[in-house]
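The values are calculated or read from the model by the stated rules, or taken from the named source; none is laboratory data. Keep in mind it's a predicted model, so treat the numbers as computed, not measured. Backbone-built Cβ (ideal geometry, glycine too); neighbour counts: all protein chains shown.
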Amino acid sequence: MLILLTGLLLGGTYTLIALGLTLQYGVARIMNLANGETLVAACFVTFWLYTGFGINPLLGLLVIGPVAFVVNWLIYTWLMQPLVKRAKNRGMLEVDSILATFGLLFLFQGLMLQAFGGSYFNYEFLAQPFSIMGNSFGLNRVVAFVAAAVIAVSLYLFLYHTDRGTAVRAVAVDPRAARLVAIDVRRTAAFAFALGGSITACAGTLLSTFYTFNTSMGVLFTMKALIIVIMGGVGDIRGAVLAALVLGLTETLVASLLDPGLTLAANYALFILVLLFRPQGIFGKRPA
Amino acid sequence: MNIPRNEILTLGAGLAGAAVLAFLPLVTEGFWLSLSVNIMLYAAICTAWALFSGPTHLVSLASAAFFGVGTYSVAIFVDVLPFPALILIAVAAGALLAILVGLATLRLSGVYFVIFTLGLAELIGQIVTWVQTNFGGAIGLYVFTDFTETHLYWMLLALTVVVFLTGWLVNRSRLGLALRIIGNDEAVARHVGVDTARARIILFAVSGAFIAVAGAIMAPRYSYITPDAAFNPMTSFLVVIMALLGGTRRLWGPLVGVVPFTVVMDFISGHFPNQTAVIMGLAFLAIVYVLPDGVTGQLETLFRRRCSLDKSSLATTAEEGR
């Protein structure tokens, strides 16, 4: 029971990371491998705001979310749009965006390494016990889960119950057809990329309240997010939520029953199962 | 076999060049020799990488995994088997790993492959650490041999020559033709009856086996092998940067990237070790935005434009003369 709940709480944060990535890849068609660096950067900014200025991480969300939105918007319009324009087909864009975001990955990682060094960081926030069904958990984990759920639900409401959100989903389905119904595809793609970056940054802020972080862990989180996105099906919100919870659970199970050093192996085991049996995602339909 | 004259000339020139390079350890030693070992190491790995990733346009990040598997093939069996047998084990282990990865991912679209290889080295490193701590006692294995830097250099040079010969033979074979069609348009390839997954897996296995051999050859240099060092993910990224900087359209393209970049990285990691990530980031961005076809591809395009300019100016003078 303890393991189940711990896994679910972890899965909440994973959901947000994956939702950010699925917006960037599913709508803007950019395979953003620097996604994890956005997360790590948000961890460090939250740490800096909290220890330097005493700003509550939950209030920090209100600063970090919008800032990450603007930064990702600029990254998309300056760096990614030229690639979108020059690509002759989707495969070329995929290769180009993978290489370009590798560049960003190392650039950001290098800059953060210079600013903060390579050691591990953490801070104390709401580090008091909170009991659910007779088991006690860190209050920070519970708060992070609730905040993640609030953000995920608002994203769902936005995508499925507003015009803007419908436009985003239309571009995800077919950019060319979206243009026929007067959707500004370029703006919508930029918006989705920025929104995805912003959500990933929020996930970073929440993660930093209960997780020990360092400058070089970005790739591992990108990997987790990618596996969740593939498991859930690209662009599928319900799938991503379910897949994130499954991943969180599996990781916690393996870490507590086998060895904490095998979490990546647990991720890969899930990944291989998905590739072999459901490469189109949990709820995906087999392509005709 | 019907071999065109110009290819025989290139082949002869290449072998002659390799023969000249073989004398290098006789004239130099110390720092320059160990730098040459590094250059030769990356020359072999990058060319092997480009064998697969060049024609298929699939960015493989599995180099570090193959390298580590090769290193461990030596580390585990070095006390019981002679070195040539260890090389064969590395070949088998590298090819086997490539086939497993290929079976899981190369039948699907390219993005799955890239993602899968991204964490592969780290994954195998974790598993090796886990096995060693739980069943093997200590983390790390000793490799003691009589090899000097000179021996390593010669072995790597021989490996590079073999990789080049293989690349040349593959290009001339049906497999090479199939891969070029797949790289240009996968749908066309399937329609003309190419088994795309099989062709990719075979070539990935060849490429992986070579990289594993490079890892096996380097094992004696480290003498104490740990999972972190053998499966260092940086190797994969450096290989991609060097090969793409040089360009993968020609077999010798990666070499053009390997020589300068190894020297630069050696200097940076010696003098500014904290800047390596920044430099690698800038190199990736430069590849995408400035040199999408690599240095050799860029030169080729320039050269071709020059030729067509000359032709068109010839045509206009002919017009005027009339």
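Considering the stretch A:76-98 alone, what residues qualify as being surrounded by fewer than 21 Cβ atoms within 10 Å (Cβ to Cβ) and farther than 13 Å from B:Leu285 by Cα?
If the condition is that a residue be surrounded by fewer than 21 Cβ atoms within 10 Å (Cβ to Cβ) and farther than 13 Å from B:Leu285 by Cα, then A:Thr77, A:Gln81, A:Val84, A:Lys85, A:Arg86, A:Ala87, A:Lys88, A:Asn89, A:Arg90, A:Gly91, A:Met92, A:Leu93 are the ones that fit.
Could you tell me which numbered condition B:Leu141 fails, if it satisfies all but one of (1) closer than 20 Å to B:Gly94 by Cα; (2) of a type outside the set (S, T, N, Q); (3) at pLDDT 85 or above?
(3)
Within the bounds of the stretch B:187-207, is there any residue that is touching a residue at least 40 places away in the same chain (Cβ under 8 Å), part of a helix (DSSP H, G or I) and more than 18 Å from the chain's Cα centre (by Cα)?
Yes, the stretch B:187-207 has at least one match.
In the stretch A:171-195, what count of residues is obtained for those that are within 21 Å of the chain's Cα centre (by Cα) and either closer than 18 Å to A:Ala68 by Cβ or at pLDDT below 90 (or both)?
Initially, the stretch A:171-195 is screened for residues within 21 Å of the chain's Cα centre (by Cα), giving A:171-173, A:188-195.
With either closer than 18 Å to A:Ala68 by Cβ or at pLDDT below 90 (or both) added as a condition, the list becomes A:171-173, A:189-195.
Final tally of qualifying residues: 10.
So, in the stretch B:1-43, of the ones that are charged (D, E, K, R) and part of a helix (DSSP H, G or I), which residue ends up surrounded by the most Cβ atoms within 10 Å (Cβ to Cβ)?
At the first step, the residues of the stretch B:1-43 found to be charged (D, E, K, R) are B:5, B:7, B:29.
This time we only want the ones that are part of a helix (DSSP H, G or I), so: B:5, B:7.
Values: B:Arg5: 7, B:Glu7: 12.
Among residues in the stretch B:1-43 that are charged (D, E, K, R) and part of a helix (DSSP H, G or I), the one surrounded by the most Cβ atoms within 10 Å (Cβ to Cβ) is B:Glu7.
Can you name every residue in the stretch A:229-250 that is closer than 22 Å to A:Phe145 by Cα and within 13 Å of chain B (Cβ to nearest Cβ)?
Once the filter is applied, which keeps residues that are closer than 22 Å to A:Phe145 by Cα and within 13 Å of chain B (Cβ to nearest Cβ), the stretch A:229-250 yields A:Val229, A:Met231.
Quick one: count up the residues across the stretch A:1-53 that are under 30 Å from A:Met92 (Cβ atoms) and in a helix (DSSP H, G or I).
Here is the first cut: in the stretch A:1-53, the residues under 30 Å from A:Met92 (Cβ atoms) are A:17-41.
Add one more test, that the residue is in a helix (DSSP H, G or I), and what stays is A:17-26, A:35-41.
Final tally of qualifying residues: 17.
Give B:Ala197, B:Ala158, B:Ala243, B:Ala178 a once-over and let me know the one that is within 14 Å of chain A (Cβ to nearest Cβ) and either among the polar types (S, T, N, Q) or farther than 30 Å from A:Ala269 by Cβ (or both).
On the way: B:Ala197 fails: either among the polar types (S, T, N, Q) or farther than 30 Å from A:Ala269 by Cβ (or both); B:Ala158 fails: within 14 Å of chain A (Cβ to nearest Cβ); B:Ala178 fails: within 14 Å of chain A (Cβ to nearest Cβ).
One residue alone meets the criteria, B:Ala243.
Take B:Leu108 and tell me if it is modelled with pLDDT under 90, within 11 Å of chain A (Cβ to nearest Cβ), outside any helix (DSSP H, G or I) and in contact with a Leu (Cβ under 9 Å, 6 or more places away or on another chain).
Working: modelled with pLDDT under 90: yes; within 11 Å of chain A (Cβ to nearest Cβ): yes; outside any helix (DSSP H, G or I): yes; in contact with a Leu (Cβ under 9 Å, 6 or more places away or on another chain): yes.
Answer is yes for this residue.
Could you list all residues from the stretch A:72-98 that are closer than 29 Å to A:Asn56 by Cα and away from every other protein chain (no Cβ under 13 Å)?
In the first step, residues of the stretch A:72-98 are kept if they are closer than 29 Å to A:Asn56 by Cα; the result is A:72-75.
Answer for the stretch A:72-98, where residues must be closer than 29 Å to A:Asn56 by Cα and away from every other protein chain (no Cβ under 13 Å): A:Asn72, A:Trp73, A:Leu74.
Can you tell me which residue in the stretch B:161-186 is surrounded by the fewest Cβ atoms within 10 Å (Cβ to Cβ), limited to those that are among the charged types (D, E, K, R) and assigned to a helix (DSSP H, G or I)? Give the steps one after another, and end with the answer.
Taking the stretch B:161-186 as the starting set, the residues that turn out to be among the charged types (D, E, K, R) are B:172, B:174, B:180, B:185-186.
Adding the requirement that they be assigned to a helix (DSSP H, G or I) leaves B:172, B:174, B:180, B:186.
Numbers: B:Arg172: 15, B:Arg174: 10, B:Arg180: 14, B:Glu186: 16.
Restricting to residues being among the charged types (D, E, K, R) and assigned to a helix (DSSP H, G or I), the top hit is B:Arg174.
Restricting to the stretch B:114-138, and then to whatever is more than 10 Å from chain A (Cβ to nearest Cβ) and over 15 Å from A:Gly261 (Cβ atoms), can you tell me which residue is modelled with the lowest pLDDT? Talk me through it step by step, then tell me what you get.
Step one: of the stretch B:114-138, the residues more than 10 Å from chain A (Cβ to nearest Cβ) are B:117, B:121, B:128, B:131-132, B:135-138.
From what is left, the residues that are over 15 Å from A:Gly261 (Cβ atoms) are B:117, B:121, B:137-138.
Details: B:Thr117: 92, B:Ala121: 90, B:Gly137: 64, B:Ala138: 68.
If we take residues in the stretch B:114-138 being more than 10 Å from chain A (Cβ to nearest Cβ) and over 15 Å from A:Gly261 (Cβ atoms), then B:Gly137 is modelled with the lowest pLDDT.
Could you count how many residues in the stretch B:103-124 are crowded, with 23+ Cβ neighbours inside 10 Å and of a type in the set (Gly, Ala, Ser)?
2
Quick one: A:Thr101 ticks every box in (1) surrounded by 15 or more Cβ atoms within 10 Å (Cβ to Cβ); (2) at positive phi; (3) within 12 Å of chain B (Cβ to nearest Cβ); (4) not charged (D, E, K, R) bar one, so which box is it?
Here A:Thr101 clears every test but (2).
For the stretch B:219-311, which fully contained helices (runs of 4 or more DSSP H) count at least 3 residues that are out of contact with any helix residue (DSSP H, G or I) (no Cβ under 6 Å at 6 or more places or on another chain) and at pLDDT 85 or above?
On the way: elements: B:227-230, B:234-246, B:253-271, B:276-289.
By residue number, B:234-246, B:253-271, B:276-289.
Against the condition small (Gly, Ala, Ser), surrounded by fewer than 19 Cβ atoms within 10 Å (Cβ to Cβ) and at positive phi, how does A:Ala182 come out, does it pass? Give the derivation first.
On the way: small (Gly, Ala, Ser): yes; surrounded by fewer than 19 Cβ atoms within 10 Å (Cβ to Cβ): yes; at positive phi: yes.
For A:Ala182, the condition - small (Gly, Ala, Ser), surrounded by fewer than 19 Cβ atoms within 10 Å (Cβ to Cβ) and at positive phi - is met.
Would you confirm, using the coordinates I've provided, whether A:Leu226 is modelled with pLDDT of 90 or more, more than 23 Å from A:Leu2 (Cα to Cα) and within 11 Å of another protein chain (Cβ to nearest Cβ)?
Values: modelled with pLDDT of 90 or more: yes; more than 23 Å from A:Leu2 (Cα to Cα): yes; within 11 Å of another protein chain (Cβ to nearest Cβ): yes.
The answer is yes for A:Leu226.
Any idea which residue in the stretch A:104-115 is farthest from the other protein chains (Cβ to nearest Cβ), counting only those that are touching a residue at least 12 places away in the same chain (Cβ under 8 Å) and crowded, with 17+ Cβ neighbours inside 10 Å?
Applying the first criterion (touching a residue at least 12 places away in the same chain (Cβ under 8 Å)) to the stretch A:104-115 yields A:104-105, A:108-109, A:112-113, A:115.
Still in the running and crowded, with 17+ Cβ neighbours inside 10 Å: A:104-105, A:108-109, A:112-113.
Details: A:Leu104: 7, A:Leu105: 7, A:Phe108: 7, A:Gln109: 5, A:Met112: 9, A:Leu113: 6 Å.
So, considering only residues that are touching a residue at least 12 places away in the same chain (Cβ under 8 Å) and crowded, with 17+ Cβ neighbours inside 10 Å, the one farthest from the other protein chains (Cβ to nearest Cβ) is A:Met112.
Give the number of residues within the stretch B:120-160 that are assigned to a helix (DSSP H, G or I), among the polar types (S, T, N, Q) and free of Cβ contacts under 8 Å to residues at least 12 places away in the same chain.
Restricting attention to the stretch B:120-160, the residues satisfying the condition of being assigned to a helix (DSSP H, G or I) are B:120-136, B:149-160.
Remaining after also requiring among the polar types (S, T, N, Q): B:126, B:129, B:132-134, B:150, B:160.
Among the residues that remain, those that are also free of Cβ contacts under 8 Å to residues at least 12 places away in the same chain are: B:133-134.
Of the residues in the stretch B:120-160, 2 are assigned to a helix (DSSP H, G or I), among the polar types (S, T, N, Q) and free of Cβ contacts under 8 Å to residues at least 12 places away in the same chain.
So which residues in the stretch A:116-158 are among the small types (Gly, Ala, Ser), assigned to a helix (DSSP H, G or I) and loosely packed, with under 13 Cβ neighbours inside 10 Å? First the steps, then the outcome.
At the first step, the residues of the stretch A:116-158 found to be among the small types (Gly, Ala, Ser) are A:117-119, A:127, A:131, A:134, A:136, A:138, A:144, A:147-149, A:152, A:154.
The next check asks that each one be assigned to a helix (DSSP H, G or I); those that pass are A:144, A:147-149, A:152, A:154.
Across the stretch A:116-158, the qualifying residue is only A:Ser154.
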